[in-house]
Amino acid sequence: MCGIAGYIGKNQASDFLLDALKRLEYRGYDSAGMAVLSEDNALNCIKSVGRINSLEEKIKKTQLNGCLGISHTRWATHGYPTKNNAHPHSDCAGDIFVVHNGIIENYKILKERLIKSGHKFKSDTDTEVIAHLIESHFKDNLEQALLSALKHIEGAYALAVISKNDPGKIVVAKKSSPLVICIGENENFIASDSSAVVGYTNKVIYLNDNELGIITENSHKIISIARNNEIHRNHCNVDLDISEIQKNGHEYFMLKEIFESPEVMKNSTRGRIIPEEGLVKLGGLEVLDQNKLRNINRIILIACGTASFAAMVGEYMLEEYAGIPVEVELGSEFRYRKPIINSKTAVIAVSQSGETADTLASLEEARRKGALTLGIVNVVGSTISRETEAGIYNHVGPEIAVASTKAFISQMTVLALLTVYFGRIKEMSLIMGKRITEEIDKMPCLIEKVLKNDKQIKGLAKKYSKYKNFLFLGRKYNYPIAEEGALKLKEVAYYVHAEGYSSGEMKHGPIAMINENFPSVFIVPNDSVYEKNWSNMEEIKARNGKIIAIATEGDENIKNIADDVIYIPKTLEMLTPILSAVPLHLFSAYMGMELGCDIDKPRNLAKSVTVE
Ligand code: M6R
């Protein structure tokens, strides 16, 4: 969590640094700050609690002039979100400034040691020790001081450092937190991710763990921290369009991204399905030894949050249609268990950002144990995409709202593709392959139809916004969607409590909460468990509970039991979650808006959880 940026060139650094922070704000938004080196070699720093616009207001009044600087947007890990704890942090003299994304695990010991040797601390953060450590090692060269300081540091970091005593450069270092160096014309940039530089340059170099970088106006250099030798790496061209990181007429990114769902399906499946042959082509997996793939006899899907619900849908798909045993593991659990893995196990990380710390650590654990590691990742060039042996990109463009919506649709889509891919390698018939791929091909149109219920869903959000608690219920393929519906509502309508449960489990506990003030959202398409769901709805009704049903078009009977119905078109049972998630995403967004929440940046959250 936290976003960092840096600029060196001929222009006013604060222009880019502010712009970058606005784009990186999804990574954290409880405070922000910027340090700029002026032409007369004075280091000036401005910090502010709250969103980037409050920092912007301060900067407008202060004139932070200079062509070299660093900036930071924070998601607090150590210390309250106060001005003192906001980055950049400095050494005692205010000659060195540091911005940091990550966690310094041994900061307490380091801080005690530094205080004993006379250093004066101004914040409660772990980051400040870095500035003082650099100060204690500084002779006349910033990168040498940082290299020496890093020898004492344990933990995760993406760092950018500037000093008035070694001006004309930004020094960066990376371990377990993302960092890119971006190459411009007579100017260079650094950032937590490449979305920060769209419109400035598309030439990006991804730093690897344990690397240090030095950028000047006209040069960049990468050094191995362990070996202290130079590493030569070419840049990649990142083809992001500025419109992809703008709201394009929508009030919120979350709404824009939900409405992109049909396009998302097209982008995630483009060139990958061959309906006439009932086949799926996944270029990303072609680099692998096909015999190794054929011999995979177990899959573990690792993910966190919303991605884990997509993985649960994938588990049902893969087991039913590809006949491979699948388990879904939360990254935060898997990494500390003793999982049984062998070379016929494929461990697949599902992650929008490709940076989630728990998912990444689990993947490393799986690789150590000999599994084939794969990724289903959206952010191109992200750590998970680089650390896995092969993978499938979602191709849905930047997801900026903190709540994941379009990536969720794509994750389920890619897992459906993977099901056909593995299924056809194994025992899936041509007919079944055709049936599924033809239906996947139709999905964008079906989602368009769901989105046409937008006004009705907005009305329902208004009607139900007075309720403080919701239960989301579903079975089989739609049980994970019940979990997702509840998570999304909790996230973006953060004055509301919601729980996601399997309809069948409801009578084992949650039913105790049901009364006329506790509505249930039932996901009840016409599928193999429709009758079972119906019995559960009866149980809710018998306790005066209100029901909002997500049902299949043409199901008139549902109106006899549900208070409100949102219809989705008919499709294959395994694909219903892709349709049923969309109205739930809209419902959460509109509920949040009704309650006056900032649905793009929910309280206490950050998009990319790069800490444990
Ligand atoms: O980037 P990832 O997909 O790995 O992120 C996983 C979760 O942190 C993420 O899905 C989170 O639960 C979202 N805020 C959900 O909307």
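Only one of 575, 584 is in contact with a Gly (Cβ under 7 Å, 6 or more places away or on another chain) and either polar (S, T, N, Q) or open to solvent by less than 10 Å² (accessible area, probe 1.4 Å) (or both); which?
Answer to the check: 584.
Can you tell me which condition residue 140 does not meet? The list is (1) under 21 Å from residue 94 (Cβ atoms); (2) assigned to a strand (DSSP E or B), and all the others hold.
Every condition holds for residue 140 apart from (2).
Go through segment 525-551 and give me each residue that's among the hydrophobic types (A, V, I, L, M, F, W, C) and touching a residue at least 24 places away in the same chain (Cβ under 8 Å).
Matches in segment 525-551: 529, 534, 537, 540, 547, 548, 549, 550, 551.
Do we find that residue 359 is crowded, with 22+ Cβ neighbours inside 10 Å and either aromatic (Phe, Trp, Tyr) or closer than 30 Å to residue 252 by Cβ (or both) in this structure?
Yes; evaluated as a whole, the condition is true for this residue.
In segment 316-327, how many are over 16 Å from residue 572 (Cα atoms), open to solvent by 40 Å² or more (accessible area, probe 1.4 Å) and either in the same structural domain as residue 489 (by TED's automatic domain parsing) or without any contact (Cβ under 8 Å) to a residue 40 or more places away in the chain (or both)?
2
Is there a residue being among the polar types (S, T, N, Q), within 16 Å of the ligand (Cβ to nearest atom) and assigned by TED's automatic domain parsing to the domain that holds residue 408 anywhere in segment 333-349?
no
Filter segment 176-206 down to residues that are in a strand (DSSP E or B) and in contact with a helix residue (DSSP H, G or I) (Cβ under 8 Å, 6 or more places away or on another chain) and give me whichever is nearest to residue 21 (Cα to Cα).
In this case the residue turns out to be 191.
If only one of 599, 568 is open to solvent by less than 10 Å² (accessible area, probe 1.4 Å), at pLDDT 95 or above and under 29 Å from residue 542 (Cβ atoms), which one is it?
Just a single option satisfies the conditions, and that option is 568.
Counting only residues that are of a type in the set (Gly, Ala, Ser), give me the strands (runs of 3 or more DSSP E) lying completely in segment 1-90 with at least 2 of them.
In segment 1-90, the matching strands (runs of 3 or more DSSP E) lie at 3-8, 31-37, 68-74.
Within the set of pairs 6 or more residues apart or between chains, which connect a residue that is among the aliphatic types (A, V, I, L, M) and part of a helix (DSSP H, G or I) inside segment 356-376 to a residue that is open to solvent by 10 Å² or more (accessible area, probe 1.4 Å) and away from the ligand (no atom under 15 Å from the Cβ) with Cβ atoms less than 7 Å apart?
Listed by first residue and then by second, the contacts come to 366/341.
For segment 450-496, how many residues meet the condition of being crowded, with 22+ Cβ neighbours inside 10 Å and without any contact (Cβ under 8 Å) to a residue 12 or more places away in the chain?
Result for segment 450-496: 0.
Pick out, from segment 218-310, the helices (runs of 4 or more DSSP H) lying fully within it that include 2 or more residues that are within 16 Å of the ligand (Cβ to nearest atom), among the small types (Gly, Ala, Ser) and surrounded by 13 or more Cβ atoms within 10 Å (Cβ to Cβ).
Output list reads 261-269.
Run residue 146 past the list (1) touching a residue at least 40 places away in the same chain (Cβ under 8 Å); (2) over 29 Å from residue 612 (Cβ atoms) and report the number of the one that doesn't hold.
The one condition residue 146 does not meet is (2).
The values are calculated or read from the model by the stated rules, or taken from the named source; none is laboratory data. Note that the coordinates shown come from a computational prediction; the quantities given were computed from them, not determined experimentally. Cβ atoms come from the backbone with ideal geometry, glycine included; neighbour counts cover every protein chain shown. Please note that ligands, DNA and RNA were not included when accessible areas were found on the heavy atoms of the full protein model with its side chains. Shrake-Rupley method; radii C 1.70, N 1.55, O 1.52, S 1.80 Å.
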